[in-house]
Every structure is written in C-alpha cells, then in structure tokens.
C-alpha cells in the first residue's frame, strides 16, 4: 500500500485535507465516499510539491502530541466511570479551546449518535487519527473492553511521545552549538581576518605560508559569504525533495544502519518503537499479521520497515516472528532472542513490551553518553580552530615587533 494525500468535501461543504494508505486512487475515492465525503483530489504523498509539504509541516493538527494523549485519557476515564460513549464525547466537546478540535469531536459524536462505532467515527476524520489508533479502538470494541484499551493506548502514546522527545532534546543542543560555531567562524574569517590582511598588505610584510593561507581564506569568505550561506540552504532544499523518493530513502537509511556508531543506535531506537507497538496491539487482541502491517508504519527507517514487510510474508507462511525478523540481520540479537522466548512461552505480547522497555532504556543511556561526549568535542574543535586562526593572524605582528625592536 502507498500513502496518498487527498482533498474532499464533507456533508457541510467543508474542505478536508488528509492522508490515507490505500492500494490506489480508486480505493481512496471509494473509502471517502463510504464515509460520506465527496472526493476532490487524491495523489501520492511523494508527489506533493514543496509548498504543500511546508504547508503541511506548519499546519496545526486538531489532535497531536499531548492533546491526543489527553483526549484518550479523558475518554478512557469517563467510560471507566460508567458514562455512555455519547455522553462522554459531549463532555469532551466543551474542553478544547480551538474550533478545529471541537469540530472534530463534534463530528465523532454525531457519527456515534448515527449508529457508527467509535472506530468507524475516528476513521472518518480524514487522517486525524492514525491506523494504529483506529485499529486498537476497533480491537477494544470487539473485546468489550473499550475503556481499558483506551487507557493502554494513552499509555502507549505517552511513552512514544516521551521517547521521541528525548531523541529531539538530545539533538537540539548540539545542533544549536554547531550552528553558532559555523556563524562565529564566518564572522571571524569574513570580517576580522580581512582587516589584518589589509594591514599586512600596506606594510608589505613577508608572511608565513599558514598566515597567507588563513588571510586568503578570510578574503574569500568576505567576498563570497552569500554563496557560502546559500550553498547549504540549496543543499537542504535538494535533500528535502530527494528524501521523498523511496529509492533515495532506502540508500540513505541503509547507509545509516551500516555506520559503526549511528547504526546500532538507530536499530535500537526503531526496535523499541516496533516492539512497543506490536506488544500493545497484540495485548489488545489484534492478530499478529494485522499488527505487523500497522506496526511497520511507526518505523522511520525504510530498510527496517522493508524487513518487517518481508517478515510478515514469512509469518503468513508459518515461520516464527523471531526467525522472520532475523533474516535481514539488522534487528538486535537480544530483541530476537526475547521475541523467541515470548513465542515459545505463549507470552509474546509481554516479551515485546519488555523488549521495548529494555531498548528504550539502552537508547536513552546511549544518547546521554553521546551527548556528553559530543558537546565537549565540538567545544574543543571550536577552540582549536579559533586558536589557529588567531595564531595565524597575530603571529606576524609578533615577528614584526621583534624585528623593529
């Protein structure tokens, strides 16, 4: 299946813009019509233009992050307290401050009042709730334990959000530091160094090779600083376009997994996501094959996602999950051993969740160690480069002073 972006009109004439996984455009149109919407446009997400991608990036979503966790927890609490689903949605309708969230809850309530199940009502919200969310709710409805399922789903969303937040927070400071280092060097080379170059030219001083090299580099930065700043920006635009190409993603993600330092960290992080998602789905009664089809969508690394697809085909033919995932030799051996123990003991969901806890902890420790080493290393490199530039610029002054003295 491929990911499609679509536009459609609902019964009130409002334009809906969302995403849907489907086998083709015809299936997207058919599913939209089943939900009571009028299809306007459907195209592959990879075909979206740059403007659409940026607009999607900054477009606020009615339910995402903390708001989705809060909505799920509140609905689970109301249902556990004995409130009917219709009444619970009515109470939640008064809580959001923005119109988009209230409109979404209102649509869900009206669909439920019309006889639709909660999972069907969520699925009609044009991509607001993902496949994982909808399928877990559907499994909870089938098992007669919707409030327990919603509580587990809220716990899963909170853990996933916390893991992603740790990754982002670990990278923010080094990224800011590297950006400040680059801008400081540009200022030093493009503004400070050329002033010394003009002074030495007026004195017609005989400079060492290294000093001439640094002064020449400073003149280049002064004259071509716009180009120096534009090249990285153009490279980012090019990468933004290329990253939507499946072949390019596979090459980059495969290269990343083969790196000695980054590869194991990425594999552990993705394994934690996969294990957490699979374990949660299985615990809520979702069949293994369906759970694999859903869980592969939480993986950011396309190579590992392809391994999960291949494993699903082998599981369909009767091969064990641990054996199937081990074919590609990319998932950590410890995770495969824990899955094998879970299969043999009949407690696969519990072992998957245990594996998720283990690899989340290992990932967190590895990122903390990497950050602890990265910041001093970047600071040391900055001090060394600045020191060399200053030495190259000022040492001729010391030589000239000694000659004059």
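The values are calculated or read from the model by the stated rules, or taken from the named source; none is laboratory data. Since we're looking at a predicted model, the values are computed, not measured. We place every Cβ from the backbone using ideal geometry, glycine too, and count neighbours over all the protein chains shown.
Might you check whether a residue that is over 30 Å from residue 40 (Cα atoms), at pLDDT below 85, in contact with a helix residue (DSSP H, G or I) (Cβ under 9 Å, 6 or more places away or on another chain) and buried (at least 22 other Cβ atoms within 10 Å of the Cβ) occurs anywhere in region 126-141?
yes
Looking at (1) within 19 Å of residue 197 (Cβ to Cβ); (2) without any contact (Cβ under 8 Å) to a residue 12 or more places away in the chain, find the lone condition where residue 227 falls short.
(1)
Can we say residue 197 is under 20 Å from residue 391 (Cβ atoms), touching a residue at least 60 places away in the same chain (Cβ under 8 Å) and surrounded by 12 or more Cβ atoms within 10 Å (Cβ to Cβ)?
The answer is no for residue 197.
Those residues that are in a helix (DSSP H, G or I) and touching a residue at least 40 places away in the same chain (Cβ under 8 Å), I need them from region 292-310; list them, please.
Listed by number, the residues that qualify are 294, 295, 297, 298, 302, 303, 304, 306.
Just name the residue that is farthest from residue 275 (Cα to Cα) out of those in region 341-378 that are buried (at least 18 other Cβ atoms within 10 Å of the Cβ) and more than 22 Å from the chain's Cα centre (by Cα).
342
If you scan region 306-325, which residues turn out to be crowded, with 20+ Cβ neighbours inside 10 Å and touching a helix residue (DSSP H, G or I) at 6+ places or on another chain (Cβ under 6 Å)?
Passing the criteria: 308, 311, 312, 321, 322, 324, 325.
Filter region 168-193 for residues that are surrounded by fewer than 14 Cβ atoms within 10 Å (Cβ to Cβ), under 26 Å from residue 266 (Cα atoms) and touching a residue at least 40 places away in the same chain (Cβ under 8 Å) and give the result.
173
Yes or no, residue by residue, for (1) surrounded by 15 or more Cβ atoms within 10 Å (Cβ to Cβ); (2) farther than 28 Å from residue 358 by Cα; (3) outside the structural domain of residue 362 (by TED's automatic domain parsing); (4) within 16 Å of the chain's Cα centre (by Cα):
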site: 234; (1), (2), (3), (4): no, yes, no, no
site: 240; (1), (2), (3), (4): no, yes, no, yes
site: 248; (1), (2), (3), (4): no, yes, no, no
site: 257; (1), (2), (3), (4): yes, no, no, no
site: 280; (1), (2), (3), (4): yes, no, no, no
site: 285; (1), (2), (3), (4): yes, no, no, no
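Is it true that some residue in region 82-99 is out of contact with any strand residue (DSSP E or B) (no Cβ under 7 Å at 6 or more places or on another chain), loosely packed, with under 13 Cβ neighbours inside 10 Å and modelled with pLDDT under 75?
Looking for residues that are out of contact with any strand residue (DSSP E or B) (no Cβ under 7 Å at 6 or more places or on another chain), loosely packed, with under 13 Cβ neighbours inside 10 Å and modelled with pLDDT under 75, one finds at least one in region 82-99, hence yes.
A quick yes/no check of all residues on (1) assigned to a helix (DSSP H, G or I); (2) under 23 Å from residue 388 (Cβ atoms):
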| position | (1), (2) |
| --- | --- |
| 202 | yes, no |
| 207 | no, yes |
| 215 | yes, yes |
| 225 | yes, yes |
| 229 | yes, yes |
| 238 | yes, no |
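Which numbered condition in (1) touching a residue at least 40 places away in the same chain (Cβ under 8 Å); (2) over 15 Å from residue 350 (Cβ atoms); (3) part of a loop (DSSP other than H, G, I, E, B) is the only one that residue 268 fails?
(3)
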